[in-house]
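Worksheet: one structure, shown below.
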Amino acid sequence: MGSFSRKGMFLDADPVVQRVMVLLFLASLASWVVILAKTALLRKVSRIEGLYKQVANNIDDEINLEDFPNFTVKIVSAGIKEGKDTVEDEPRSDYQERVERSRRFQPL
């Protein structure tokens with residue numbers, strides 16, 4: 001009977017059990033890589049959303065589009081343009097549809 005340390009239990013285990021343990025360790029490692037990558041992506045998106053909200057709240061002020069990543073410059077520009085282009089007596093549903101349409105990303 002071997003020791004009860006992690007290393008001792010691993011070395012005393014059957015080869016099939018050792019392989020399963022290695023696979024579980026690698027799967028856990030891969031899971032943490034995905035979790036950390038998604039967390040970083042969500043933080044980046046949250047930062048971009050904050051910039052967009054800041055621009056939307058200060059729409060009359062001078063806007064520096066260089067603060068935004070390349071793909072969001074078009075989105076922010078279109079949203080600002082649609083937000084300023086209001087038609088008198090336009091129903092709210094038409095306005096909302098127009099703004100939502102301008103927010104959709106359409107690659108060139």
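Output needed for region 1-41: three equivalent-ellipsoid semi-axes, defined as square roots of 5 times the C-alpha gyration tensor eigenvalues, in descending order, whole Å.
30, 11, 4
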> Could you give me the ³J(HN,Hα) list for region 3-19, computed from phi with Karplus coefficients 6.51, -1.76, 1.60 and θ = phi - 60°, whole Hz, x at Gly and Pro?
Replying inline: 7, 9, 7, 4, 5, x, 5, 5, 5, 7, 6, 5, x, 5, 5, 4, 5
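Since every read-out is calculated from the coordinates, none of them should be taken as a lab result. Nothing here was measured: the structure is a model prediction, and the numbers come from that model.
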